[in-house]
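What follows draws every value from the coordinates through simple rules; no lab data is involved. Since the model is a prediction, treat every value here as computed from it, not as a measurement. Note that each Cβ is placed from the backbone with ideal geometry, even for glycine, and that neighbours are counted across all protein chains shown.
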Amino acid sequence: MFKNVDHIGFAVKNIDQAVEFYGKAFGITEWEHIPMPERHMAVAATRMGEMLLELIAPTSDEASFAKYLNEKGPGMHHVAYRVDDIHAALNELRERGVKLIDEEPRPGIHNTLVAFVHPKNGEQGVLVELVQHMGHH
């Protein structure tokens with residue numbers, strides 16, 4: 001089902017401070033800034049080999065993870081795995097009794113389809129995202 005890790009998402013309170021820290025601490029200075037006003041969030045993404053690192057910050061309390069950030073504080077938010085066929089993957093998970101956040105995939109950044117799997121599954125507590133890249137495998 002999973003091909004490889006597509007990206008890891010970190011929830012941060014302030015995107016500019018986080019980007020500045022990654023530049024100073026780790027020398028990562030090439031960031032793509034992606035505003036997502038419809039989801040009340042801002043994203044800064046940087047490529048590390050085949051993988052993307054996403055810093056996500058809420059731009060209002062209506063962001064889906066704003067409550068999470070207030071309760072848990074900044075830190076790792078989700079791990080995204082690449083799949084070839086997101087519809088097939090979701091059907092397989094449903095058949096296995098896995099609880100989904102997204103029953104249907106939705107558009108993600110960089111011409112992708114994405115869907116989230118509920119973190120309460122199996123008491124493992126990790127928010128898992130599935131990512132299918134459109135137009136190429």
Along the Cα→Cβ direction, 7 angstrom out, place labels at E38 and F21. What is the inter-label distance in nm? 3.0 nm
Which entries of K67/K99; K3/K67; K24/K99 have Cα-Cα distances beyond 29 Å here? K3/K67; K24/K99
Rounded tilt (10° steps) of 86-95 against the dominant C-alpha axis of the chain: 60 degrees
Can you work out the base-10 log of I(q)/I(0) for the chain at q = 0.09 1/Å, using the Debye formula on its C-alpha atoms alone? -0.27
Quote the charge dipole size of the stretch 5-133 about the Cα centre in Debye, to the nearest 20; the model charges only the Cβ of Lys and Arg (+1) and of Asp and Glu (-1). 340 debye
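Looking at the stretch 5-133, send over the antiparallel percent of its DSSP beta bridges, to the nearest 5.
Values: 29 of 38 bridges.
Expressed as a percentage, antiparallel bridges in the stretch 5-133 total about 75.
Averaging sequence separations of C-alpha pairs under 8 Å and six or more residues apart, then dividing by the length of the stretch 1-131, give the relative contact order as a whole percent. Write out the running numbers ahead of the final one.
Values: 240 pairs, mean separation 33.9, N = 131.
Result for the stretch 1-131 is 26 percent.
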Farthest toward positive dipole pole in the stretch 1-80 [+1 Lys/Arg, -1 Asp/Glu at C-beta], among A57, M36, A80: A80
What is the angle, in °, between the Cα long axis of helix 15-26 and the longest principal axis of the Cα atoms in the chain? Nearest 10 is fine, range 0 to 90. 80 degrees
